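Working notes for the structure below.
The values are calculated or read from the model by the stated rules, or taken from the named source; none is laboratory data. What you see is a predicted model, and the numbers here were worked out from it, not measured in a lab. Backbone-built Cβ (ideal geometry, glycine too); neighbour counts: all protein chains shown.
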Amino acid sequence: MLRLMQIMEWRMSEAQSAQQQQPTRQQTNQVYEQSLGRLRVMRCSTSFQLLAALKGVRPILKGMQEAGAAARLLLVDSVSAFYWMDRAARNAPLPPQAGARSLPHQGVAPMTLQSV
């Protein structure tokens, strides 16, 4: 978060120097509050949490739009972060009563992505 604030301050200073003005601390803090107030960070540690976050993003985006701060960008970082964990779980031995599908979430991902 510190790096983001440094970049924001640099960009504000750059814009203000083009206008021959230096932003006041109050103006800088106001821009921070407005900008970071629109930032939403979801940290997922499993593929299920990632799917749940994607499923739950629609109401968040709708609420932001109704508040007058419509989202202009949605970033998803490290989509493949859970690949090896999911692959290892897929190759794990199944209990004897398991059906044709190896994991219950195999059908969840396509349905979630279609609804987003």
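Table for the structure above
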read-out: Single condition residue 5 does not satisfy, out of (1) modelled with pLDDT of 80 or more; (2) under 16 Å from residue 71 (Cα atoms); value: (2)
read-out: Of the criteria (1) touching a residue at least 12 places away in the same chain (Cβ under 8 Å); (2) out of contact with any Pro (no Cβ under 9 Å at 6 or more places or on another chain), which one residue 31 fails; value: (2)
read-out: Selection status of residue 85, assigned to a helix (DSSP H, G or I) and closer than 20 Å to residue 4 by Cβ; value: no
